[in-house]
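Asks: Before I ask anything, let me first share the structure, which is written out below as structure tokens.
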Amino acid sequence: MQISPARYRHIAIGALVALAVIIVTGAAVRLTNSGLGCADWPNCSSERFVDVSSKHAAIEQLNRLFTGVVGIAVIAAVLGSFIRAGDRRRDLVRLSVLLVLGVLANAVLGGISVLVDLHPIAVQGHMLLSMGLIVAGAVLVRRSGEPDLVQRGRVVTRPTQRLTWLLMGVTWVAVFTGTLVTGAGPHAGDEEAKRLDLAIPDVARVHGVAVLTAIAVALLIAWRIRQFANDRRALMNVLSTWIVVAGLQAAVGYIQYFNDVPALLVGVHVAGATLVMLVTTNVVLDTTRPTIEPGDLSASTTAAGVVGPG
């Protein structure tokens with residue numbers, strides 16, 4: 001049995017969507033103080049594997065069950081990479097296996113978080129690994145839409161490409177400092193959970209500086225690509241999307257901070273962070289395009305029909 005490359009791309013998209021959704025559902029667990037709704041792991045309690053006897057237990061249990069959906073989605077991506085029609089793509093196999101390993105690691109880290117009573121460092125690691133999976137999932141989706149027997153070539157000037165990597169790095173700093181704000185803030189997942197011994201105003205300022213620095217780098221890229229036609233064609237659309245998404249995300253962050261961090265806005269902020277990471281990955285990916293390998297005529301027909309990503 002084989003599946004078409006187009007069908008495999010749909011599977012990759014499904015895995016990416018599942019990885020993004022569970023970040024939001026995980027935040028919902030924390031924001032409803034249901035992080036210890038299940039007091040044990042992998043069982044919900046010492047007596048029951050599944051326990052929905054209370055609201056908090058039900059919320060935590062549903063999130064754990066959705067982890068199973070995510071697991072199925074990434075396993076499907078691995079299996080699909082082996083039965084995908086055409087040449088065996090080692091890049092697709094490696095990326096999909098990486099997703100499976102990451103989901104397994106995150107499940108274990110989630111269990112550790114419960115066993116250490118939601119210690120903020122464990123919860124922080126859980127979030128950062130989830131963001132890493134978004135990056136890997138986005139790359140898998142992009143690669144799965146490209147033809148076989150091709151390499152990727154740079155289509156922007158080297159300084160522009162380096163600036164996109166700088167944008168990725170600063171965005172990671174912003175995400176990391178955001179987890180510090182969360183670790184010191186009021187939404188711990190349980191009223192008795194330990195908090196980071198950090199002054200919230202101070203760490204929030206650090207996070208804000210990181211966010212504004214990322215936006216400044218994006219604006220610098222936008223100013224630079226105006227001078228180079230190829231850079232502009234490759235990056236203008238995705239960079240414009242990044243600036244809009246990041247601007248809205250920054251606005252939500254400031255609104256929630258000055259309104260005593262309401263849970264709903266925190267959930268929106270987590271979803272926004274996931275979207276920012278996804279778009280940032282696409283900014284970096286859009287600096288290259290598929291190119292036919294030197295002397296490889298077999299791929300010329302396939303590659304000729306490729307439409308470069310925006």
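Asks: Considering only residues that are in contact (Cβ under 8 Å) with a residue 40 or more places away in the chain and closer than 15 Å to D286 by Cβ, which ones fall in segment 203-232?
Replies: A218, I221, R224, I225, F228, N230, D231
Asks: Kindly list the number of the only condition in (1) over 20 Å from the mean Cα position of the chain (by Cα); (2) more than 15 Å from V123 (Cα to Cα); (3) of a type in the set (G, A, S) that fails for G185.
Replies: (2) is the only condition that G185 fails.
Asks: Pairs only if they're at least six apart or on different chains, beta carbon under 6 angstrom, first in segment 75-99 and in contact (Cβ under 8 Å) with a residue 60 or more places away in the chain and surrounded by 13 or more Cβ atoms within 10 Å (Cβ to Cβ), second of a type in the set (F, W, Y) and not in a loop (DSSP other than H, G, I, E, B); list them, first residue then second.
Replies: Filtered contacts from segment 75-99: G80/Y8; R84/Y8.
Asks: Condition first: of a type in the set (V, I, T), surrounded by fewer than 14 Cβ atoms within 10 Å (Cβ to Cβ) and either within 21 Å of the chain's Cα centre (by Cα) or part of a helix (DSSP H, G or I) (or both). Can you find one or more residues in segment 224-231 that meet it?
Replies: Taking segment 224-231 and keeping what is of a type in the set (V, I, T), we get 225.
Restricting the remaining residues to those that are surrounded by fewer than 14 Cβ atoms within 10 Å (Cβ to Cβ) gives none.
No, segment 224-231 contains no residue that is of a type in the set (V, I, T), surrounded by fewer than 14 Cβ atoms within 10 Å (Cβ to Cβ) and either within 21 Å of the chain's Cα centre (by Cα) or part of a helix (DSSP H, G or I) (or both).
Asks: Name the single residue that is farthest from I59 (Cα to Cα) among those in segment 190-209 being in a helix (DSSP H, G or I) and of a type in the set (G, A, S). Spell out the reasoning first.
Replies: Our first condition is that a residue be in a helix (DSSP H, G or I); within segment 190-209, this holds for 200-209.
Next cut, of a type in the set (G, A, S) only: 204, 208.
Working: A204: 29, G208: 31 Å.
Only one residue fits best here, namely G208.
Asks: Checking the condition touching a residue at least 12 places away in the same chain (Cβ under 8 Å), out of contact with any Phe, Trp or Tyr (no Cβ under 7 Å at 6 or more places or on another chain), crowded, with 22+ Cβ neighbours inside 10 Å and not in a helix (DSSP H, G or I), which residue from V103, V156, V123 passes? Step through it out loud before you land on a result.
Replies: Details: V103 fails: not in a helix (DSSP H, G or I); V123 fails: not in a helix (DSSP H, G or I).
Matching residue, one of V103, V156, V123: V156.
Asks: Right, another one. Given the conditions (1) farther than 28 Å from L196 by Cβ; (2) surrounded by fewer than 16 Cβ atoms within 10 Å (Cβ to Cβ); (3) touching a residue at least 12 places away in the same chain (Cβ under 8 Å), which single one is not true for R162?
Replies: (3)
Asks: Taking segment 13-56 as the search range and keeping residues that are modelled with pLDDT of 80 or more and more than 30 Å from D260 (Cα to Cα), which one is surrounded by the fewest Cβ atoms within 10 Å (Cβ to Cβ)?
Replies: Filtering first and then ranking leaves V17.
The values are calculated or read from the model by the stated rules, or taken from the named source; none is laboratory data. The model shown is predicted, which means the values in this text are computed figures rather than measured ones. Here Cβ is always computed from backbone atoms with ideal geometry, including for glycine, and neighbour counts include all displayed protein chains.
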